[in-house]
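The values are calculated or read from the model by the stated rules, or taken from the named source; none is laboratory data. It should be emphasised that the depicted structure is a prediction, and the values quoted were computed from it without experimental measurement. Neighbour counts run over all protein chains shown; Cβ positions are idealised from the backbone, glycine included.
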Amino acid sequence: MLLMLKNRILKGLFSRHIEPDLTAKIDRLGLPAGQAGLELKSLIQNKFRRSLHIRHLDSGSCGACESEIISANNPIYDLQRFGVNFTASPRHADALLVTGPVSKNMLIALKKTYDSMPEPKFVITCGDCALDGGPFKGSYYIEGAVKNILPVALHIPGCPPSPLAIIQALLMLLREKE
Amino acid sequence: MDCTEVITGIKNIFPGFYALSATQAYADEIHIKLRREIFKDTCLALHKVFSSPVAVLFASDERKDAAKFVVNCAFVNLRRGQWVIISTDIPQDAPYFDSLARNIHSVSLFEREVWEMFGLEPKGNPDLRRLRLHDEVCPKGNYPLRKDFHKIQPGDLEDYKFCRVEGLGVFEVPVGPVHAGIIGPGHFRFSVAGEPIINLETRFGFTHRGVEKLFEGRSCFDALQLAECVSGDACFAHSLAFSQAIEKISGVSISKQAAYLRAIFLELERMYNHVNDIGGMAVDVGFSFPSAYASVIKEAILQLNDKLTASRYLKQVNTVGGVLKGLDGAKKNMLRTSFKSIKRDFDELINILYSSVSFMDRVDTTGALRRKTAEGLGVVGLVARSSGVPADLREYFSGVYKEARFKMATEESGDVLARLKVRVAEFKESSRLVEEFTGKLLESQEINIHPELKGGSALGYAEGWRGPVLYWLETDAEGLIQRCKIVDSSFLNWQGLSYAVLGNIIPDFPLCNKSFNLSYSGGDL
């Protein structure tokens, strides 16, 4: 089993008509020894007992961030191989991943979702809108900046952030948490 | 058809018609101004003449200069490739107009929007509930698109009134706004008797960000970036419709080269979204292998986009006056090579799906939207074509598509399978078009002209992958935007979904929903 996992991480699943060095890039992720993918995995194994469960919440995003988060779960990036899972219920989640500039209509839902998560929990924001409202800053219907509403542990910048950036940011967060 | 023909057409049905003015504003756009009293009858007449649903009905606030509101109603004449926009003045001290909703259903959402955003009452509309400003959050009496509105004023909050089905054994299943998947927020309320759904009440507005208001006062290049953020998976279609409106106002015609490039990028956007939806339909019946397969194809197209334009979602590719990114020889080769494997993989994907009996059993006859219902609701785009309504702006309006002998895909049955088949046909047609347009590109030609901005108003439109995207823009002499009305096809098509699911079971709802795959943010603005 461990051998299989190791092979998957080292080799990646798909090589066809996808950037050949992409898998290597995911595994490297800016680290010198080519251990980042493994490091992310070991961090998750130690810190979250093999599973970091994330609940995604769209607070008024345009849909591009969602598309990239879904892409991070596709067989090429395969976020799940590091032990990161997206859960259907906030009650099973360790982290809340918020996209969008927080429309006034979503404020209650955002708070309720956070409240129904068990402790310990943390919030990650994804995309420029979630940081400060992004292109929608100054609108009459925007609460803006998730960090003014909930304690945010990490921000993933980009409009939208690429799947690689999402994986990289998660790794950084977990490294810090150690 | 010129102005006189249109007027004769209206007079044949409505003899009392009298226009204050009628102008051929652009080759594809006729503006008719008339008195408020005959607004309703004229619209009903035009609806018959063109057999067109109301493409958009919207208002603008001109109280500062002229002490009035203006209500506009646009119809499309597909056969002649023409838009007719009827407008009427509404004095500010009598803010109402006659509702068309009892005669033309497709207009009812627009009327509610005008009521909610401007406080102009559509007299006779039976349903004046607000679409985007939630009663629990925003007190009544706030009309955000009025020019003197800046901030929500406090007041009494209320609860939203849902349509309820009552009776023995009928129960309600509320879902959302936070859904189980990685998806936008919306509220669905099913009324169910036994297994079948007997009513689906949708409530949206959760992603309302006040986009139309944000456009006001911006310069067009600044606003173009905002247009790309209205609906993230249709960035290019939105920026295209926006820039076309500005180009019409400024009297610019883009180079042939730029027109080809725009068509290429528009089709690339269609391709990655269609394959994504096909995969989504597979995953919603629990068939995960083809869905993984489809996501690999989608990723290949996104990476191709990235290599061609440095943006996976084709952002900052389009501009007013042309495109910013051209395709040189190396990029053309890259595109051709990638397309070879993309097409091969796509055929394989479709093979897997079509040869699975259990998959076909789930999608066949599920979530059927009949043609009559589709036409009555004014459903547009891909959903309409799947129900047998031949409507595709590419077929009727665009020069480069005519040149490439574009073939519109339609299906008759209107079920999930029909929407799947239309997607498959459109994916194949799109890949053919991209290759054909790529072959026609000439490297020498200019791809971007810098237009001189003027004041005026015009309608920009593009057939995005979901359906038509419309941008009505009004600019002042300096080129700053005074009013921007956006219609994403999702806005009208959501009601198609609430009819398509009737009689189906709730477990089939995700499948029906995915086969529509509408944009929450595009509808909520």
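When the residues of region B:289-308 are narrowed to those that are surrounded by fewer than 21 Cβ atoms within 10 Å (Cβ to Cβ) and over 19 Å from residue B:351 (Cβ atoms), which ends up nearest to the other protein chains (Cβ to nearest Cβ)? In this case the residue turns out to be B:303.
If you go through region B:40-55 and keep only what is within 25 Å of the chain's Cα centre (by Cα) and either at pLDDT 90 or above or in a helix (DSSP H, G or I) (or both), you end up with B:40, B:42, B:43, B:44, B:45, B:46, B:47, B:48, B:49. Residue-level check: of (1) at pLDDT 90 or above; (2) not in a loop (DSSP other than H, G, I, E, B), residue B:97 misses just (1).
Picking from residues in region B:194-237 that are without any contact (Cβ under 8 Å) to a residue 24 or more places away in the chain and in a helix (DSSP H, G or I), the one that is farthest from the other protein chains (Cβ to nearest Cβ) is B:222.
Screening the candidates B:242, B:265 for the property of being outside any strand (DSSP E or B), modelled with pLDDT of 90 or more, in contact with a strand residue (DSSP E or B) (Cβ under 6 Å, 6 or more places away or on another chain) and surrounded by 20 or more Cβ atoms within 10 Å (Cβ to Cβ) yields one hit, B:242.
Taken together, the residues in region A:86-118 that are more than 7 Å from chain B (Cβ to nearest Cβ), surrounded by 16 or more Cβ atoms within 10 Å (Cβ to Cβ) and at negative phi amount to 12.
In the condition set (1) modelled with pLDDT under 90; (2) within 19 Å of residue B:320 (Cα to Cα), residue B:469 is compliant with all but (1). Scanning region B:302-327 for residues that are over 18 Å from residue B:258 (Cα atoms) and either among the charged types (D, E, K, R) or in contact with a Lys or Arg (Cβ under 7 Å, 6 or more places away or on another chain) (or both) turns up B:302, B:306, B:307, B:312. Just one of the listed residues (B:184, B:167, B:194) is closer than 30 Å to residue A:90 by Cβ and of a type in the set (Gly, Ala, Ser), namely B:184. Do we have residue B:367 as closer than 30 Å to residue B:220 by Cβ and either touching a Pro at 6+ places or on another chain (Cβ under 8 Å) or more than 14 Å from every other protein chain (Cβ to nearest Cβ) (or both) here? In short, no. Taking the stated definitions as given, is residue A:70 free of Cβ contacts under 8 Å to residues at least 12 places away in the same chain, of a type in the set (A, V, I, L, M), at the interface with chain B (Cβ under 8 Å from one of its Cβ atoms) and crowded, with 19+ Cβ neighbours inside 10 Å? Yes. A Cβ distance below 8 Å, combined with a sequence gap of six or more or placement on separate chains, defines the contacts here; from region B:168-188, residues that are facing another protein chain (nearest Cβ under 9 Å) reach residues that are β-branched (Val, Ile, Thr) in the pairs B:178/A:113; B:182/A:69; B:182/A:70; B:184/B:207; B:185/B:178; B:185/B:207.
Conditions tested, residue by residue: (1) surrounded by 18 or more Cβ atoms within 10 Å (Cβ to Cβ); (2) in contact with an Asp or Glu (Cβ under 9 Å, 6 or more places away or on another chain); (3) at negative phi; (4) in contact (Cβ under 8 Å) with a residue 24 or more places away in the chain.
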residue: B:24; (1), (2), (3), (4): no, yes, yes, no
residue: B:27; (1), (2), (3), (4): no, no, yes, no
residue: B:35; (1), (2), (3), (4): no, yes, yes, yes
residue: B:40; (1), (2), (3), (4): yes, yes, yes, yes
residue: B:67; (1), (2), (3), (4): no, yes, no, yes
residue: B:73; (1), (2), (3), (4): yes, no, yes, yes
residue: B:81; (1), (2), (3), (4): no, yes, no, yes
residue: B:90; (1), (2), (3), (4): yes, no, yes, yes
residue: B:100; (1), (2), (3), (4): yes, yes, yes, yes
